[in-house]
Amino acid sequence: MSEKSIDQATLKMLSKAKADNVSLAWDRLAAQEPQCGFGQLGVCCRNCNMGPCRVDPFGDGPSEGVCGATADTIVARNLVRAIAAGAASHSDHGRGIASTLYASAKGHAPDYPVKDEVKLKALAKEFGIAVEDRTSQEIALEVAETVLDEFGTRKGSLQFVNRVPLKRKEIWDKLGITPRGIDREVVECMHRTHIGVDNDYVSLILQGMRTALSDGWGGSIVATEISDILFGTPQPIKGSCNLGVLQADQVNIILHGHEPTLSDILVHAARAPELLAAAKEKGASGINVCGMCCTGNEILMRHGVPLAGNFLQQELAIVTGAVEAMVVDIQCIMPSLPQVAACYHTKVISTSPKAKFPGAEHIPFDEHNAMEVAEKIVLAAVENFSNRRPERVNIPSDRMDYMAGFSVEAILSALGGSLDPLLNAIKSGAIKGIVGVVGCNNPKYKHDQSHINFVNELIKNNVLVVATGCAAIACGKYGLLLPEAAKNAGDGLRAVCEALKIPPVLHMGSCVDISRIMTVAAAIANALGVDISDLPLAGAAPEWMSEKAVSIGTYVVSSGIFTILGTVPPVLGSKNVAELLTSGAEGVVGAVFAVEEDPVAAADLAVKHIEKKRLALGL
Ligand code: BF8
């Protein structure tokens, strides 16, 4: 058991699942083994019905598919399709939030008033939208329309691209990878990877980069910025995390998925006095709303809502036997949840028309009467409390406090209003550099181990860590999001953290909020008059598994930041593609990928890279 996770709460629930005869992701992985070697190498093609084809990686069998596609073409096409799926997911999430702002400005979504007018006006100005003598509703309408236009095929490049240094923009323009409409790039990926279109691996990967950039500097940044406008820009906030946040005597509701449109309003709905009264009538002392995965990050950043756990803990939350409802919308929700829930009393409630789950109850969420639907969902959870079977309940006691909420605005305010203190700390070497640690869990690797060992090594070496997604949740569970964690950092980083009263690992939000990290990177480069690729920065996804992570890694590298993957991507079937990604890209976009499964060795790679960049900058 202990080989599956380093997290005590997880290990306890794994034992309980075994005793309860519940099958989990780890069991299903074991049933899949050995996994398909062709798939692992990326040399299996199902893009047309002359196939499926597979190329023999050892050179003994066929070296081409029926159409003549080589391993280079097949691997590149598969990679580009993964990027397209990942970019589409983030971007469709962004579109959803932008549509809510539009509906709000039109007066059709009364439960979503603009919460951050300062940010609304700042964004309007960035887009050249007039703000003087206009109501916030008028401004919001034009901002929403402008942002929604970014998805189509308007002329020119995406507007957020203007945040990057001119040098970076020139590189993209020269390569022809400056992203145009967000939807257009995804569609073009699907077109180019159809049989008999783009068969040149270099050309395919360049389109993959352009599509990923339309995510990082398009869909994701839209999701972040508009969420801040609608739900508030995060500020440092405290709370607690891990499965121990579930309460034995309360109605426990877990919000799992991605869009704050759902989770934010549910947090408010659960505070309604009549629902609290209903919970008390059922014998519960209150309603405990907790987050999970990235929507958990959204509500934790804005409301300090307890966070039940990260990706591999979603089934385990149900295994506690103490969850009345797991409410889900989109992305990273295991299809197995209704099956696990069937062993307990938990109701799985799906809400998005885009994501239905056989075996779940579907309560369609509607932004036009959001509060009404949210209250209905909370009531369904409350009513389920009396079905809880006390003999099946076992909540692990493990929980940890965290400090989160480091938006760009919050970081600037912690720094006293300007980036200068951070730049000075980097120049003096107190902080050697910054590494963004992001991404998922993956049952093929010991849960949370790579995140924690990697991050611990970095802070020891005076590298400031900024984290999002399930990586950030892992950091939270081990106390790395507390200012006190600075005691384990190197002297320089510790002194900076103590002076500013911040943790050595800054929680910057959900996966779409990697756009916040990119905005900071671009701002630092602009302040120093250099390109992003000149900075002592690195990115890492130690335990990634999703196609969204493939898109993220690709836009981070394409933006000029060295990125380390801790789990092996399915590209090794093409030497040319693997070489392009891990070395050739340096001469093209000024950054490459590295793959390193050992977190300590990965940290060493990051530290060496940072030293190299510092030297080149004369630091
Ligand atoms: O949205 S929830 S498993 S994909 S890291 Fe990874 Fe976690 Fe999913 Fe990014 Ni966030």
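The values are calculated or read from the model by the stated rules, or taken from the named source; none is laboratory data. Source: prediction; values computed, not measured. For neighbour counting, all protein chains shown are included, and Cβ atoms are generated from backbone atoms with ideal geometry for every residue, glycine included. For accessibility, only protein heavy atoms count, side chains too; no ligands or nucleic acids. Shrake-Rupley method; radii C 1.70, N 1.55, O 1.52, S 1.80 Å.
Only one residue in Val289, Val319, Val305, Val267 is hydrophobic (A, V, I, L, M, F, W, C) and over 23 Å from Tyr112 (Cα atoms). Which one? Give the steps one after another, and end with the answer.
Working: Val289 fails: over 23 Å from Tyr112 (Cα atoms); Val305 fails: over 23 Å from Tyr112 (Cα atoms); Val267 fails: over 23 Å from Tyr112 (Cα atoms).
Unique residue meeting the criteria: Val319.
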| task | Test Ala471 against the criterion of being within 16 Å of the ligand (Cβ to nearest atom) and closer than 18 Å to Met400 by Cβ, and give yes or no. | result | yes
| field | So Ala317, is it touching a helix residue (DSSP H, G or I) at 6+ places or on another chain (Cβ under 8 Å), among the aliphatic types (A, V, I, L, M) and closer than 19 Å to Trp26 by Cα | value | yes
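So which of Leu24, Leu14, Leu41 ends up being surrounded by 15 or more Cβ atoms within 10 Å (Cβ to Cβ), farther than 30 Å from Tyr478 by Cβ and within 27 Å of the chain's Cα centre (by Cα)? Even if it seems obvious, please write down each step before you answer.
Working: Leu24 fails: farther than 30 Å from Tyr478 by Cβ; Leu14 fails: farther than 30 Å from Tyr478 by Cβ.
Only one candidate passes the filter, namely Leu41.
Those residues that are more than 30 Å from Ala485 (Cβ to Cβ) and β-branched (Val, Ile, Thr), I need them from the range 367-414; list them, please. Let's see the steps before the verdict.
At the first step, the residues of the range 367-414 found to be more than 30 Å from Ala485 (Cβ to Cβ) are 367-393.
Within the range 367-414, Val373, Ile377, Val378, Val382, Val393 meet the criteria.
Within the group Leu481, Leu464, which residue is more than 12 Å from the ligand (Cβ to nearest atom), in contact with a strand residue (DSSP E or B) (Cβ under 9 Å, 6 or more places away or on another chain), under 19 Å from Pro234 (Cα atoms) and aliphatic (A, V, I, L, M)? Lay out the reasoning, then the answer.
On the way: Leu464 fails: under 19 Å from Pro234 (Cα atoms).
Answer to the selection: Leu481.
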| task | Return only the number of the condition from (1) at pLDDT below 95; (2) under 30 Å from Asp513 (Cβ atoms) that Asp60 does not satisfy. | result | (2)
| message | Which pairs turn up if I take residues in the range 538-565 that are within 13 Å of the ligand (Cβ to nearest atom) and look for partners that are modelled with pLDDT under 95 with beta carbon separation below 7 Å, at least 6 apart in sequence or on another chain? | response | none
| query | Just wondering, is there one or more residues in the range 242-251 that are under 21 Å from Ile97 (Cβ atoms) and not acidic (Asp, Glu)? | reply | no
| field | Failed condition for Glu372, given (1) over 28 Å from Asn526 (Cβ atoms); (2) touching a residue at least 12 places away in the same chain (Cβ under 8 Å) | value | (2)
| message | Among the numbered criteria (1) assigned to a helix (DSSP H, G or I); (2) under 30 Å from Ile524 (Cβ atoms); (3) under 27 Å from the mean Cα position of the chain (by Cα), which one does Phe151 miss? | response | (1)
| In the range 538-571, which residue that is in a helix (DSSP H, G or I) and open to solvent by 20 Å² or more (accessible area, probe 1.4 Å) is nearest to Gln35 (Cα to Cα)? | Glu547
| request: Kindly provide the set of residues from the range 268-304 that are charged (D, E, K, R) and open to solvent by 20 Å² or more (accessible area, probe 1.4 Å), ordered by number. | output: Arg271, Glu274, Lys280, Glu281, Lys282, Arg302
| remark: Ser574: passes all of (1) within 30 Å of Leu300 (Cβ to Cβ); (2) more than 15 Å from the ligand (Cβ to nearest atom); (3) surrounded by 24 or more Cβ atoms within 10 Å (Cβ to Cβ) but (1)
| remark: Requiring at least 1 residues that are under 26 Å from Ile195 (Cα atoms), the helices (runs of 4 or more DSSP H) wholly within the range 1-115 are 37-41, 71-105
| Within the range 510-535, how many residues are in contact with a helix residue (DSSP H, G or I) (Cβ under 6 Å, 6 or more places away or on another chain), more than 16 Å from the ligand (Cβ to nearest atom) and among the polar types (S, T, N, Q)? | 1
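Just to verify a result, which residue in the range 44-77, among those that are among the acidic types (Asp, Glu) and either touching a residue at least 40 places away in the same chain (Cβ under 8 Å) or in contact with a strand residue (DSSP E or B) (Cβ under 6 Å, 6 or more places away or on another chain) (or both), is most open to solvent (accessible area, probe 1.4 Å)? Walk me through it before giving the result.
Applying the first criterion (among the acidic types (Asp, Glu)) to the range 44-77 yields 56, 60, 64, 72.
Adding the requirement that they be either touching a residue at least 40 places away in the same chain (Cβ under 8 Å) or in contact with a strand residue (DSSP E or B) (Cβ under 6 Å, 6 or more places away or on another chain) (or both) leaves 64, 72.
Details: Glu64: 103, Asp72: 35 Å².
The selected residue is Glu64.
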| message | Among (1) of a type outside the set (S, T, N, Q); (2) touching a helix residue (DSSP H, G or I) at 6+ places or on another chain (Cβ under 8 Å); (3) at pLDDT below 95, there is one condition Gly416 misses while meeting the rest; what is its number? | response | (2)
| query | Are any residues in the range 116-129 open to solvent by less than 30 Å² (accessible area, probe 1.4 Å) and either assigned to a helix (DSSP H, G or I) or under 26 Å from Ala212 (Cβ atoms) (or both), and if so, which ones? | reply | Lys119, Leu120, Leu123, Ala124, Phe127
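Scan the range 27-38 for residues that are open to solvent by 40 Å² or more (accessible area, probe 1.4 Å) and among the hydrophobic types (A, V, I, L, M, F, W, C) and jot them down.
Quick first cut of the range 27-38, residues open to solvent by 40 Å² or more (accessible area, probe 1.4 Å) only: 27-28, 30-36, 38.
Once the filter is applied, which keeps residues that are open to solvent by 40 Å² or more (accessible area, probe 1.4 Å) and among the hydrophobic types (A, V, I, L, M, F, W, C), the range 27-38 yields Ala30, Ala31, Cys36, Phe38.
If you go through the range 376-390 one residue at a time, do you hit one that is farther than 27 Å from Met508 by Cα and without any contact (Cβ under 8 Å) to a residue 24 or more places away in the chain?
Let us first name the residues in the range 376-390 that are farther than 27 Å from Met508 by Cα, namely 376-390.
After this cut, where a residue has to be without any contact (Cβ under 8 Å) to a residue 24 or more places away in the chain as well, the list is 376, 390.
Yes.
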| said: Of all residues being touching a residue at least 12 places away in the same chain (Cβ under 8 Å) and more than 18 Å from Ile452 (Cα to Cα) in the range 495-509, which is nearest to the ligand (Cβ to nearest atom)? Just the residue, please. | reply: Ile502
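Kindly indicate whether any position in the range 237-245 is closer than 27 Å to Leu120 by Cα, open to solvent by 10 Å² or more (accessible area, probe 1.4 Å), at pLDDT 95 or above and touching a strand residue (DSSP E or B) at 6+ places or on another chain (Cβ under 9 Å).
Our first condition is that a residue be closer than 27 Å to Leu120 by Cα; within the range 237-245, this holds for 237-238.
Filter once more, keeping what is open to solvent by 10 Å² or more (accessible area, probe 1.4 Å): 237-238.
In the following step, the residues that additionally are at pLDDT 95 or above were identified as 237-238.
This time we only want the ones that are touching a strand residue (DSSP E or B) at 6+ places or on another chain (Cβ under 9 Å), so: 237-238.
Yes; the residues of the range 237-245 include at least one that is closer than 27 Å to Leu120 by Cα, open to solvent by 10 Å² or more (accessible area, probe 1.4 Å), at pLDDT 95 or above and touching a strand residue (DSSP E or B) at 6+ places or on another chain (Cβ under 9 Å).
For every residue, the table says whether it meets (1) open to solvent by less than 30 Å² (accessible area, probe 1.4 Å); (2) in contact with a Ser or Thr (Cβ under 9 Å, 6 or more places away or on another chain).
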{"position": "Asp149", "(1), (2)": "no, no"}
{"position": "Lys155", "(1), (2)": "no, no"}
{"position": "Arg163", "(1), (2)": "no, yes"}
{"position": "Trp172", "(1), (2)": "yes, yes"}
{"position": "Arg184", "(1), (2)": "no, yes"}
{"position": "Met190", "(1), (2)": "no, no"}
{"position": "Thr193", "(1), (2)": "yes, no"}
{"position": "Val197", "(1), (2)": "no, no"}
